[in-house]
Amino acid sequence: MDKLLDLWHASGVYNVSPGQVVMILVGLLLLFLAIRKNFEPLLLVPIGFGGIMANIPEAGLAFSAVENALHLGGPEVISSLATALGLDTTDPYAVKEAYNAAAAQAHTAAVYAANDAGYNNGMMYNFYTVAIASGVAPLLIFMGVGAMTDFGPLLANPKTLFLGAAAQFGIFATVLGAVGLTTLGVMDFTIQDAAAIGIIGGADGPTAIYVASLLAPDLLGAIAVAAYSYMALVPMIQPPIMRALTTEAERKISMVQLRHVPKTEKIMFPIVLLMLVAMLLPDAAPLLGMFCFGNLMRECGVVDRLSDTAQNALINIVTIFLGLSVGSKLSADKFLDVETLGILLLGVVAFGIGTACGVLMAKFMNKMQGGNSINPLIGSAGVSAVPMAARVSNKLGLESNSQNFLLMHAMGPNVAGVIGSAVAAGVMIKFVG
Amino acid sequence: MDNLMSEGLNLMVFGMGFVVVFLTLLVFATGFMSKLIAKVAPEAIPEPAKPAAVAPVATGSDELVAVMTAAVHQYRKH
C-alpha cells in the first residue's frame, strides 16, 4: 500500500499545478495553430512541444540544478544550498531569491551543492543555456538567412533602403507605448523590457530572440511567441492598413523593370555593409556580421558547399534547438502574467505602425519622384518578415492591376527591413543594454 | 516614472535617428560602390557573348541552309 501511495505522490496528476495545466493547453494551442492553420510551423511546432515538456510536473526539464534541488530536495538539501549562498534558512523562496541575486562565486558554489545532492540541470535548461543564453542559435539562424538572401533587388534600387528604415519606426513607437503603459501604472516594464518588446515590430524572429535574451530574458518566451505568431499573421494584419493608406490609382502604379546587377556588386555589398557596421555601430556586429558572412558565402561562388549547409542543414538543426529552448521559457510562473497580454497587444501595434510608416514613406518618395514611379504598396514590405511581406505587396498589387507584378520590387524594401531591424537592435543594445 | 518616459523618448528619437542615418549612409555607400564597379570592372562577359552566339546563325548563307535541309530530308527518308 505504501508503495502504491509513493507512486501516486510521484505522479503528474498529483503534482500538477493549475498554471502548468494552462501552459500545457497553451502549448497544445500553439501546436494546433502550427499544424492545422500553418502558422510558422517550423518554429511553432518545436516551441509548442517544448512548452508542453517544460510544464511536465516534477520532471523539472526547464529548471537549473539549484531550482530542481530546491523544489524536490528535503530540508537538509535546502539548508546546504543556503550555506553555499551564505544564508541560514530553510525557506526555499528565500534561497531561490538569494540564488538569483548571487554573484558568480556564490552562484557556482550553490550549483556544486546541488550537484553534490544529486540534482542536475533539466535537459531543456541546458538547451536554453547552449542555444540562446550564449547567443549562438539566433546568430546562426541569421547567418542562414543571409545565405538565403538575394540583395539583387536592393542593389538595383538602393533607395528602397529608406522604406526599410521608415518601417522601423514601429519598433521605437512601441517602446514608447510600453513605457507609457508603465507610467500609467497599467503594466510594469523597465526600459530594457520595453526595448525588447518593441523589437517584435521588426518582424524578425532571430533578432527579437537575440535582443530579448540580452535585455529581458524573463520575457523571452512571450516575445518569441508574439514575434512568430504575428509573422504568420502578416497576410491578415497588413492588407487593411495598406488599403486604408493608398488610393486605387496609387495601387495601380506599375514599376519599371529592375536593372541587371553584376556579380561583383553582389559580392562587394556584404563587405561594404560590414565595414559600415564596423565603423558606426559595433553593437550590431554580431547580428549583421553573421548576416553578411552568410551572404558573402552565397554570392562569392567558391564555397557553395558551406553556403548550402548554412541555408539548409545547419539552419534546420539550429531551428530545432532554438524552438525547444524558447519553449523552455514558457513556464507558468513567467508566462501567465498580465504582462504577456501587454506584450501580445504591443507587438501587434508595433507591426501596424511599422507597416503604416513604410507605406507612408513610399507614398512620399513617389510624390517626390513625380507620382508615377513607386507603388506605395511595396512600402509595407519594409517590416522584414521575408518573404511574406513582399508576397502581400505583390498580392495587393495584382488585385488592383492583374498585370502588376511587384514581388521583385518589394523584395528590396523587404531585405532592407532585415538590415534596418538589425541596426535598430544594435542601437537598443547600445543604449539600454 | 517621468524619468522612464523621458528615457523612452530619448531611445525613440536617437534610435530612429540612428537607423535613418545608417541606412542613408548605406544608400550612398552602395551607390558609390555600384558606380565604382561599373567603371573599374564593367561586366563585359555576358554582353558580347550573346551577339557572338547569335552572329553565325544570322550570317549563315542560304546555301548552307539548303544543304542542311537536304541532309535532314535525306536522313528522314531512311
*asked:* Take A:Lys263 and tell me if it is open to solvent by 40 Å² or more (accessible area, probe 1.4 Å) and touching a residue at least 40 places away in the same chain (Cβ under 8 Å).
replied: no
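Residue by residue, here is whether (1) within 14 Å of chain B (Cβ to nearest Cβ); (2) among the hydroxyl-bearing types (Ser, Thr, Tyr); (3) within 20 Å of B:Met5 (Cα to Cα); (4) out of contact with any strand residue (DSSP E or B) (no Cβ under 8 Å at 6 or more places or on another chain) holds:
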residue	(1), (2), (3), (4)
A:Ile199	yes, no, yes, yes
A:Ala208	no, no, no, yes
A:Ala226	no, no, no, yes
A:Ser229	no, yes, no, yes
A:Leu233	no, no, no, yes
A:Gln238	no, no, no, yes
*State yes or no: is A:Ile24 more than 23 Å from A:Ile315 (Cβ to Cβ), open to solvent by 30 Å² or more (accessible area, probe 1.4 Å) and assigned to a loop (DSSP other than H, G, I, E, B)?*
no
_Within the stretch A:116-132, does at least one residue satisfy the condition of being within 14 Å of chain B (Cβ to nearest Cβ), among the hydrophobic types (A, V, I, L, M, F, W, C) and in contact (Cβ under 8 Å) with a residue 40 or more places away in the chain?_
no
*Would you tally the residues in the stretch A:232-287 being part of a helix (DSSP H, G or I) and within 22 Å of A:Pro376 (Cβ to Cβ)?*
17
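Only one residue in A:Phe351, A:Phe269, A:Phe335, A:Phe291 is at pLDDT below 90 and buried (at least 20 other Cβ atoms within 10 Å of the Cβ). Which one?
Being at pLDDT below 90 and buried (at least 20 other Cβ atoms within 10 Å of the Cβ) holds for just one of A:Phe351, A:Phe269, A:Phe335, A:Phe291, which is A:Phe335.
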*asked:* Exactly one of these conditions fails for A:Phe364: (1) part of a helix (DSSP H, G or I); (2) more than 14 Å from chain B (Cβ to nearest Cβ); (3) more than 22 Å from the chain's Cα centre (by Cα). Give me its number.
replied: (2)
*Within the stretch A:288-308, which residues are of a type outside the set (A, V, I, L, M), in a helix (DSSP H, G or I) and in contact with a helix residue (DSSP H, G or I) (Cβ under 9 Å, 6 or more places away or on another chain)?*
A:Gly289, A:Phe291, A:Cys292, A:Phe293, A:Gly294, A:Asn295, A:Arg298, A:Glu299, A:Cys300, A:Asp304, A:Ser307, A:Asp308
*Of all residues in the stretch A:403-421 being open to solvent by less than 10 Å² (accessible area, probe 1.4 Å), more than 10 Å from chain B (Cβ to nearest Cβ) and among the hydrophobic types (A, V, I, L, M, F, W, C), which is nearest to the chain's Cα centre (by Cα)?*
A:Val418
*Could you tell me whether the stretch A:68-85 includes any residue that is under 30 Å from A:Ala385 (Cα atoms) and either without any contact (Cβ under 8 Å) to a residue 12 or more places away in the chain or out of contact with any Cys (no Cβ under 6 Å at 6 or more places or on another chain) (or both)?*
no
*Please indicate, with yes or no, whether at least one residue in the stretch A:90-105 is over 24 Å from A:Leu215 (Cα atoms), assigned to a helix (DSSP H, G or I) and open to solvent by 60 Å² or more (accessible area, probe 1.4 Å).*
yes
*asked:* Take A:Ala203 and tell me if it is aliphatic (A, V, I, L, M), away from chain B (no Cβ under 14 Å) and either under 16 Å from B:Leu11 (Cα atoms) or open to solvent by less than 30 Å² (accessible area, probe 1.4 Å) (or both).
replied: yes
_Take the residues in the stretch A:380-402 that are among the small types (Gly, Ala, Ser) and within 14 Å of chain B (Cβ to nearest Cβ); name whichever of them is surrounded by the fewest Cβ atoms within 10 Å (Cβ to Cβ)._
A:Ser384
*Which of the residues that make up the stretch A:120-149 are out of contact with any Lys or Arg (no Cβ under 8 Å at 6 or more places or on another chain) and open to solvent by 50 Å² or more (accessible area, probe 1.4 Å)?*
A:Asn120, A:Asn121, A:Met123, A:Tyr125, A:Asn126, A:Phe127, A:Thr129, A:Val130, A:Ala133, A:Ser134, A:Val136
*Out of the stretch A:150-182, which residues are part of a loop (DSSP other than H, G, I, E, B), open to solvent by 20 Å² or more (accessible area, probe 1.4 Å) and within 7 Å of chain B (Cβ to nearest Cβ)?*
A:Pro158, A:Lys159
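The values are calculated or read from the model by the stated rules, or taken from the named source; none is laboratory data. Here the structure is a predicted model, which is why all the values come from computation and not from measurement. Heads up, the Cβs are rebuilt from the backbone with ideal geometry, glycines too, and the neighbour counts pull from every protein chain shown. Accessible surface is based on the protein model in full, side chains and every heavy atom, while ligands, DNA and RNA are left aside. Shrake-Rupley method; radii C 1.70, N 1.55, O 1.52, S 1.80 Å.
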